[in-house]
Amino acid sequence: MDHEAGEDRLKALVKILLFDVDGTLIRAGGAGRKALNRAAQRLYGKKRACSELFLAGRTDLYNFGEAYRVATGKKTTRAAIETLHREYLKHLPHYVRAAIRDGSYRIPPGLKTLLKHLSRDQRVLLGLGTGNMEKGARIKLEPSGFNVYFLFGGYGSDSFHRPSLLKRAALRAKELAREPFGPDDVYVIGDTPLDVAAGKEAGFKTIAVGTGFARWKDLAASRPDHLTRDFRDLKKWLSWFGLE
């Protein structure tokens with residue numbers, strides 16, 4: 001293979017782009033936290049069970065377990081988490097609709113344009129890399145219209161640990177990809193230092209975006225491969241993905 005053919009082959013390699021949900025793709029006015037608080041209250045009689053917990057960047061398995069522990073004072077079990085999860089899903093749509101009504105459901109600047117462009121590029125597979133369990137993630141994303149872009153992902157139901165769920169997402173991408181890809185072709189896009197740390201531990205590229213819940217200085221200190229305020233500079237984003 002000559003040099004020019006080799007470059008063409010490299011350009012043909014698929015890019016796997018794994019987007020976090022809360023704070024990255026959308027902001028839902030705290031719908032998840034409110035629904036979890038409501039679920040814990042209904043099941044265990046404990047008000048605001050997770051109001052003082054730091055949930056951003058963690059998995060639902062972890063968050064639900066912590067809410068159960070706070071609400072009951074008991075050790076968490078997988079069965080308890082599943083019960084809480086089912087109750088949570090009953091209340092989540094209500095709080096998402098409430099966020100739309102009060103204007104706190106938001107989509108970051110530039111994101112619609114970027115996703116539309118990426119969805120048309122056959123070198124790209126768009127996936128979710130989120131601590132949300134899949135049903136919850138889809139409920140939160142529904143008003144944005146973004147669900148159609150994300151055919152696979154790694155979810156909070158896959159693991160307590162974000163690096164593991166990101167690796168699971170990459171394995172699912174292999175079943176869909178027409179071309180081979182390596183760790184350097186997988187990008188984790190998130191809004192917290194925990195997203196960056198998980199992407200690094202999984203061996204993937206990381207992009208931190210200041211659209212969510214973390215302080216800018218903390219995002220910078222997490223040392224992602226790329227750091228940006230939002231999604232507005234399309235040319236910059238495409239260059240980071242090697243899609244110029």
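What the table below lists for this structure:
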{"read-out": "Anisotropy class of the chain from Cα gyration tensor, a/c 1.5 cut", "value": "prolate"}
{"read-out": "Value of [θ]222 nm, deg cm²/dmol, for the chain, DSSP H segments ≥ 4, -39500 (n - 2.57) each, nearest 500", "value": "-15000 deg cm²/dmol"}
{"read-out": "Neighbour-count order for Thr130, Thr76, Thr192, fewest beta carbons within 10 angstrom listed first", "value": "Thr76, Thr192, Thr130"}
{"read-out": "Lysines whose Cα lies under 28 Å from that of Lys217, excluding same-chain neighbours fewer than 8 positions away", "value": "Lys34, Lys112, Lys140, Lys167, Lys200, Lys205, Lys235, Lys236"}
{"read-out": "Likely footprinting exposure, Val21, Val124, fewest C-beta neighbours within 10 Å first", "value": "Val124, Val21"}
{"read-out": "Set of aspartates and glutamates with alpha-carbon distance to Lys15 below 18 Å, sequence-local pairs under 8 removed", "value": "Glu7, Asp121, Glu175, Glu179, Asp184, Asp185, Asp225, Glu244"}
{"read-out": "Viscosity 1.306 mPa s, 10 °C: Kirkwood-radius Stokes-Einstein D of the range 58-115 over Cα pairs, µm²/s", "value": "116 µm²/s"}
{"read-out": "Karplus-derived 3J(HN,Hα), 6.51/-1.76/1.60, for each residue of the range 103-110, Hz, glycine and proline x", "value": "x, 8, 8, 9, 10, x, x, x"}
{"read-out": "The range 54-105-the range 195-218 distance, computed between alpha-carbon centres (Å)", "value": "23 Å"}
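None of the figures in this text is laboratory data; all of them are computed from the coordinates on show. Keep in mind it's a predicted model, so treat the numbers as computed, not measured. Glycine also receives a Cβ, built like all others from the backbone with ideal geometry; neighbour counts cover every protein chain displayed.
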